[in-house]
Amino acid sequence: MAQPGYRPRRRLPRLEDVAGLAGVSHQTVSRVVNKHTNVSKETRHKVEAAIAELGYRRNTAARSLVTRRSQTIGVLGSELSQYGPANTLLGVERAARDAGYFVSVAALREVTRDTILDAVRHFLDQAVDGIVVIVPHLATLAALAELAIGVPVVAVGSDGNDAVGGVRVDQRKGAELAVRHLIAQGHRRIGHVAGPQDWIDAVARSDGWRSALEAAGLEADLLVEGDWSAGSGYAIGRRLAADRRATALFVGNDQMALGILRALNEAGLEVPTDVSLVGFDDQPESAYFSPPLTVVRQDFEELGQRCMDMMLGVLGGAEGPRTLVVEPELILRSSTAPPC
């Protein structure tokens, strides 16, 4: 006999309930839930309305028993406070969610073989279907190549190697776009404020700066290394303002460019009248710097989508290319002009 005040638990809606309310087959509901494209717009709207009305939620545990997949992707990251890695992570998370996957993140405080191994073991204990790597240091992929991980691994935001596939923005091309723009404006002394040279992308941007200058017959001897922060850009900017050799600077990211802008302003130099400036990334604030910053833009959303496309392809049995490349874009604003 039921206890006084007892209320029977309401059964959770099932896929068949959605199908009945929408007036379609349960196979059609399954196709809508799994984002298949072979469903008409009208039918999709009916199914989505029924899902909303019933409060239907997919039973991922039951689905995992059938597919033998956890629907979880592990993301191994470091330096996630930096704009590039942080927004790469957001791009991957959005793309994974759109594909019906959960994301489990392991953020490394320091990048060593042991910390990478611990994170990989953690992911394997969770039975992840694959691992995305957003660890931009040169030694990371070499460490991963030594491990017999047993699930697909995609390195996003940097070059892959023979053991680890990758999806990346063409950093070298982005740097070349920036430097060629400055050369076309008439600049002949173009310096580079680089990111830390143990970062894969920083090295590629430095290589692109050097390559573009050498192709134009210009000296590539004005390189200074920063740490990505506005503070390091400010300190470097003060030294460059006193030096006055460069008429233009290609800066490895927007944050360092912000610090340089302040240092030049304090030294009585105007951008772009005295020094032209190009940043890299196109963070949202860059259009509101004073003056608005010319930048090389990276599309982190597309980077995340391409990463998940590669991961899903591998999980589906496709081999595909070992590396996919996302093209950068030069965004022209007010921080560059011909030299006076």
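The values are calculated or read from the model by the stated rules, or taken from the named source; none is laboratory data. Keep in mind that what you see is a predicted model, and the values were worked out from it rather than measured. Neighbour counts run over all protein chains shown; Cβ positions are idealised from the backbone, glycine included. With ligands, DNA and RNA removed, areas are computed over all heavy atoms of the protein, side chains included. Shrake-Rupley method; radii C 1.70, N 1.55, O 1.52, S 1.80 Å.
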Is there a residue being of a type in the set (S, T, N, Q) and in contact with a Lys or Arg (Cβ under 7 Å, 6 or more places away or on another chain) anywhere in segment 106-114? no
I need the full set of residues from segment 173-198 which are open to solvent by 10 Å² or more (accessible area, probe 1.4 Å) and among the β-branched types (Val, Ile, Thr), in order please. ILE183
Suppose the filter is out of contact with any strand residue (DSSP E or B) (no Cβ under 9 Å at 6 or more places or on another chain), of a type in the set (Gly, Ala, Ser) and either under 30 Å from THR140 (Cβ atoms) or modelled with pLDDT of 70 or more (or both); does SER70 pass it? no
I'd like to know if segment 221-228 contains one or more residues that are closer than 19 Å to PRO136 by Cβ and open to solvent by less than 60 Å² (accessible area, probe 1.4 Å). yes
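Only helices (runs of 4 or more DSSP H) wholly contained in segment 107-222 count here; list those with 3 or more residues that are β-branched (Val, Ile, Thr) and not assigned by TED's automatic domain parsing to the domain that holds LEU240.
113-125
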Take ALA155 and tell me if it is free of Cβ contacts under 8 Å to residues at least 40 places away in the same chain, of a type in the set (Gly, Ala, Ser), surrounded by fewer than 21 Cβ atoms within 10 Å (Cβ to Cβ) and in contact with a Leu (Cβ under 7 Å, 6 or more places away or on another chain). no
Scan (1) surrounded by fewer than 22 Cβ atoms within 10 Å (Cβ to Cβ); (2) modelled with pLDDT under 95 for the single condition ASP201 breaks and write down its number. (1)
Would you mind stating whether ALA212 is at pLDDT 95 or above, more than 26 Å from HIS137 (Cα to Cα) and of a type in the set (Gly, Ala, Ser)? no
When ASP281 is run through (1) in contact (Cβ under 8 Å) with a residue 60 or more places away in the chain; (2) in the same structural domain as ASP98 (by TED's automatic domain parsing), the failure sits at (2)
VAL203 - would you say it is within 22 Å of SER81 (Cα to Cα), in contact (Cβ under 8 Å) with a residue 24 or more places away in the chain and of a type in the set (A, V, I, L, M)? yes
